[in-house]
Amino acid sequence: MSGRKRNTTVAAKDDFLIETMVDMGLVTRDQVDAIQADAESAGEGLLDTLVKQGQLEPAMVVMAKATYFGVESVDLSGLRLSDEVIAAVPRHVAKKYNAVPVSINDGTVAVAVSDPSDIEAIDGLQVSIGKTVELRVASPADIEAALARYYGGSGRDDGGIAQMIQDITEGEVEVSRMTGDVGSDGEAVEADAPIIKLVNQIIVDAFKMRASDIHLEPMSKRFRVRYRIDGMLIEQKDPPKRLQAPIIARLKIQSGMSIAERRIPQDGRIQTNVGGKTIDLRVNSLPTQHGESIVMRILDKDGLKLGLPELGFFADDQQTFERLIALPDGILLVTGPTGSGKTTTLYSCLNYINRPDRKIITVEDPVEYMLAGINQVQVHEAIGFTFAYALRSMLRQSPNVIMLGEIRDMETATIAINASLTGHLVFSTLHTNDAPGAVTRLIDIGIKPFLVASATRCLMAQRLVRKVCKNCAAPAELDESECRLLNITPEMLANATPRKGKGCPTCNKSGHKGRFGVFEIFIINDEARKMIFDKVPANVLRNKAREMGMRTLREDGTRKVLAGLTTVDEVVRATVVDH
């Protein structure tokens, strides 16, 4: 009985809103009449049916509710709420009434809700917080995302950084005592418990949000926390400035750094367990004007995908690359700036060719991920165990395949080149802007051109671009300026399926989720070898490589835009114009 009564109420409310939307020109009477039967058969309201069928955007419904109930609408995704505003509505109250505080002024709290007609809930909210409530209206998805962002989305009592900070701020623990001191057994003293929980929550939230880095940055009047998600830095709720020292001290203790030394950079590591997974964090501290800046790189051993398809290769490029990495000897170089996914690509190569009849040894600084069946060597510059030293020693182990983390100097490059000429397959990385530029870089280091020409099998440059979120992806039309940026012709658009993400809670309203590579593969054939031997300029070599079929980074990115995998903005951001 109560269910039927509730459906009748919803339908009646829908009717009033429908009339408002018709008056506003957001929907036509014909559209409403056309879906009447569908709504009744599904037992849904007219508005829900219109939205589900794509005839109405959620933003239009918000606009209609605001007009009908005489309140303001608010876009929560564009707001940054202060500590004072969040504290005005405790977490359990916000979750119970599905309400997000927006502002506070003279004891009146402006609160965003999705249903301004629910008088009972609004009265309960007002009684719970003991303040006058001024209504705003927002979409249910926006409210859900904001609750997760500011109060934690897990539903647990200790969820989210915002609630943890509020608990510490309002708690009875004396924060000044939280200095990060350790007891005689090496464990943190009991007074540190709230700070320990907060630090752990920062790491847990970062992992759940798929962050690759955590940045804790002291500013003059704030202590900023940012997560790098899919290559972009996203600000989180700042802890109070007074928690800066104990938080940094706690992290330095966890990572094995000296808390007494604040004048020089330090490096450390933290191993922790999140949701049953063991993750490593590589921690670096850097003294700055307003305190020590901490950056933690999250190394999720279980989350690393080692298959070549996950890297972003199209089928034709993947076949070419698989053939190249199966060669018995030679050197294959992956180039690109820091953070372009070079190490992940090399690990994927090793995983692909890892067989019981092959001995594979890597030299890395540091060893980021442990690979089964592969001998991995960590260099220690402080004791003289350099890349070159390790490389010379490992050649006596009779490996078939060698992976060198990075070619940094002439000595390392010479040993790597010689190893590739004596029956070893060598993988390594270089910091250059494009694939042909690796030739110039090796020659500049001091390697003779004939050695570069003889040893090199393939040069590959790569960049990372963000994927279109599958959950909210929708067909998109490329305008004239976008086509001009990527040299897209009408013929290329004929069979294209470009897409863009609308933004949803899954992708945190960004329209993107995850990353993959765009690639520039330069295969060294006899003609290219002769040009390298003759020391032709880099631009001439690049033009010849394109004539021989090399796709540039931007051209590969364009293919992936036309296939609906990424967007024009992403490709333009990650690549340079082809000349």
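The values are calculated or read from the model by the stated rules, or taken from the named source; none is laboratory data. Quick caveat, the model's predicted, so the values are computed rather than measured. Here the Cβ positions follow ideal geometry from the backbone for every residue, glycine too, while neighbour counts run over all protein chains shown. These accessible areas exclude ligands, DNA and RNA; they are computed on the full protein's heavy atoms, side chains included. Shrake-Rupley method; radii C 1.70, N 1.55, O 1.52, S 1.80 Å.
The table that follows gives values for the structure above.
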item: Of the criteria (1) farther than 19 Å from residue 505 by Cβ; (2) buried (at least 20 other Cβ atoms within 10 Å of the Cβ), which one residue 86 fails; result: (1)
item: From 477, 527, 570, 482, residue being buried (at least 21 other Cβ atoms within 10 Å of the Cβ) and of a type in the set (Asp, Glu); result: 570
item: Sole exception among (1) within 32 Å of the chain's Cα centre (by Cα); (2) in a helix (DSSP H, G or I); (3) of a type outside the set (D, E, K, R); (4) within 29 Å of residue 385 (Cβ to Cβ) for residue 492, by number; result: (4)
item: Single match in 457, 441 (criterion: within 14 Å of residue 333 (Cβ to Cβ), of a type outside the set (Ser, Thr, Tyr), more than 30 Å from the chain's Cα centre (by Cα) and not in a helix (DSSP H, G or I)); result: 457
item: Hits in the stretch 368-391 - residues which are farther than 28 Å from residue 212 by Cβ and either within 30 Å of the chain's Cα centre (by Cα) or of a type in the set (Val, Ile, Thr) (or both); result: 383
item: Sole exception among (1) assigned to a helix (DSSP H, G or I); (2) within 19 Å of residue 217 (Cβ to Cβ); (3) touching a residue at least 60 places away in the same chain (Cβ under 8 Å) for residue 282, by number; result: (1)
item: Inter-residue pairs, beta-carbon under 7 Å, first touching a residue at least 12 places away in the same chain (Cβ under 8 Å) and buried (at least 19 other Cβ atoms within 10 Å of the Cβ) and in the stretch 223-238, second in a loop (DSSP other than H, G, I, E, B) and acidic (Asp, Glu), 6+ apart; result: 223/238; 225/238
item: Qualifying residue in the stretch 350-372 (condition: among the hydrophobic types (A, V, I, L, M, F, W, C) and open to solvent by 50 Å² or more (accessible area, probe 1.4 Å)); result: yes
item: Residue check for residue 407: open to solvent by less than 10 Å² (accessible area, probe 1.4 Å) and under 22 Å from residue 367 (Cα atoms); result: yes
item: Residue ID - modelled with the lowest pLDDT, chosen from residues in the stretch 251-271 that are within 18 Å of residue 297 (Cα to Cα) and open to solvent by 40 Å² or more (accessible area, probe 1.4 Å); result: 271
item: Output for the stretch 248-273, where each listed residue is part of a helix (DSSP H, G or I) and among the polar types (S, T, N, Q); result: 254
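This table checks each residue for (1) at pLDDT 90 or above; (2) β-branched (Val, Ile, Thr); (3) open to solvent by less than 50 Å² (accessible area, probe 1.4 Å); (4) within 25 Å of the chain's Cα centre (by Cα).
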site: 284; (1), (2), (3), (4): yes, no, no, yes
site: 287; (1), (2), (3), (4): yes, no, yes, no
site: 296; (1), (2), (3), (4): yes, no, yes, yes
site: 302; (1), (2), (3), (4): no, no, no, yes
site: 309; (1), (2), (3), (4): no, no, no, yes
site: 312; (1), (2), (3), (4): no, no, yes, yes
site: 329; (1), (2), (3), (4): yes, no, yes, no
site: 335; (1), (2), (3), (4): yes, yes, yes, yes
site: 338; (1), (2), (3), (4): no, yes, no, yes
